[in-house]
1. Report, by chain and number, residues whose modeled amide H sits under 5 Å from the one on Asp35, excluding near sequence neighbours (fewer than 5 apart, same chain).
2. In sequence order, what are the phi-derived ³J(HN,Hα) couplings for segment 216-226 according to the Karplus relation 6.51 cos²θ - 1.76 cosθ + 1.60 with θ = phi - 60°, rounded to whole Hz, with x for glycine and proline?
3. Work from the charge dipole of segment 2-249 (Cβ charges, +1 for Lys and Arg, -1 for Asp and Glu, about the Cα centre) and give the residue of Ile87, Gly58, Pro207 farthest towards its positive end.
4. Can you give me the relative contact order of segment 2-249 as a percent, contacts being Cα pairs under 8 Å and 6 or more apart?
5. Ratio of Rg to Rh for segment 198-255, alpha carbon only, Kirkwood?
6. Calculate, for Ser71 and Gln237, the FRET efficiency according to 1/(1 + (r/R0)^6) with r their C-beta to C-beta distance and R0 25 Å; round to the nearest 0.05.
7. For the residues Thr126, Thr18, Thr257, what sequence is obtained by ranking on other C-beta atoms within 10 Å, fewest first?
8. Nearest 20 debye, what's the magnitude of the dipole of segment 2-249 about its Cα centre given +1 on Lys and Arg Cβ and -1 on Asp and Glu Cβ?
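Bear in mind that the values in this text are calculations on the coordinates, not laboratory data. Remember, predicted model here, so these are calculated numbers, not experimental data. Cβ atoms come from the backbone with ideal geometry, glycine included; neighbour counts cover every protein chain shown.
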Amino acid sequence: MSELQAVYAFVVAFAVATALTPLTARFARRVGAVDQPKARGLGRESTPLLGGLAIFTGALVAGLLFIDTTSRTQDRFVGILVGAALITLVGALDDRFDLHPAVKLLGQVAAAIVPVAFGVEATNITLPFLGAIDFGSLGGPITVIGLVAMMNVVNFSDGVDGLAAGVCAIAAVAFSIIAFDLERSHAAILAACTAGAAAGFLVHNFPPASIYMGDCGANLLGFLLGCVAVEGAVKTQAVLALVIPLVVLAVPFLDTTFVVLKRMKYRRKVYIADANHFHHRFSRIGFSERRTLVYLYAWTLLLGGFAVGLRFIPYSDNHGHLHTGWSLVVAGFALVVAAASAYLVYVLEILKLRRLSAVRIRRVRPDVSQTEVDAAVKQQMETGEFEALQRKG
């Protein structure tokens, strides 16, 4: 019955978000919450923000209708809703008035504290080979830091039409399936609400987008996914409880980690936006926005499928004994995921190896001279940047 409620929740959240997004766009234009084209961005014209308001409303309506709380989960559900409303408000204000980064961070911390104060807290985790690790009094602060990190991960990766909404919808579906398997139905249905609302918004956000979710949407989706991860997996005693969310959300995590490390390497402020995200790199090698989404959606689907597989493939008896056949299946799945990830690392030139760079340049431009190849490779090694090399003809 709970699984059916999750389907209903997804459908209702989808319908509400789809219906309200155009109204949100009109409201955003009226109040002046409009994104203007930027040199680093991929957008070509002014686009209304505040799409997160439609996402919030869709998730809220579906959650109130279909999440059946108990005496143990009621307070936590209320805390999540209050925190979601707060981060949506903070994000909306940022979309309209461009708040200082310190003010935005303060708002994120305040929103994260709310659900933790209501009991959404990871007090311990169970890891393979290490067993249970008790956080003790540090559980609350660690959870707050984790939720703030999730908000920024989604916010940092929201840079091309349809990317954040699509990736978060896929991740939320994976979380819902895993949470049901861990008998966390309230978290599973909340994940379904999140997935439905994100997918409903995506109807209007898919390239060419008529509206952006803005900071209010990106922060909200990060907040909701963080709460779902804590309630649906991390807070359980299940082995791999911490690993699973990291696998499901590996694409935005890797994107954010790469970008932040690159900014630190060149001594730039980590909160100052640039053009080094995965989607920017896809654009520079000549990918269209839709092709970029296909690659990143497929990568997320593969990782989400692997995370779900870790829960459902009976490779272990949960007492430290592995089943050889099923373990080989998991290992094979892991190799496929690793190979796909390595391929994308190669395509995006995240690892800039001289030989691979030269091979790539010759493949794109067969008529290029050795002198031009050497010059292009040298520039890539020194700057960490590369330009699109278009095929002739």
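1. Thr47, Leu49
2. Couplings: 5, x, 5, 5, 5, 5, x, 4, 5, 5, x Hz.
3. Result: Pro207, furthest along the dipole toward the positive end.
4. On the way: 477 pairs, mean separation 79.0, N = 248.
The normalised contact order for segment 2-249 reaches 32 percent.
5. Details: Rg = 14.1 Å, Rh = 13.0 Å.
Taking Rh as the inverse mean 1/r over Cα pairs, Rg/Rh reads 1.08.
6. Details: r = 21 Å, r/R0 = 0.83.
The pair Ser71/Gln237 has a calculated efficiency of 0.75.
7. Values: Thr126 16, Thr18 19, Thr257 13.
Ordered by Cβ neighbours within 10 Å, fewest first: Thr257, Thr126, Thr18.
8. Working: 12 positive and 16 negative charges, 99 e Å.
The dipole of segment 2-249 has a size of about 480 debye.
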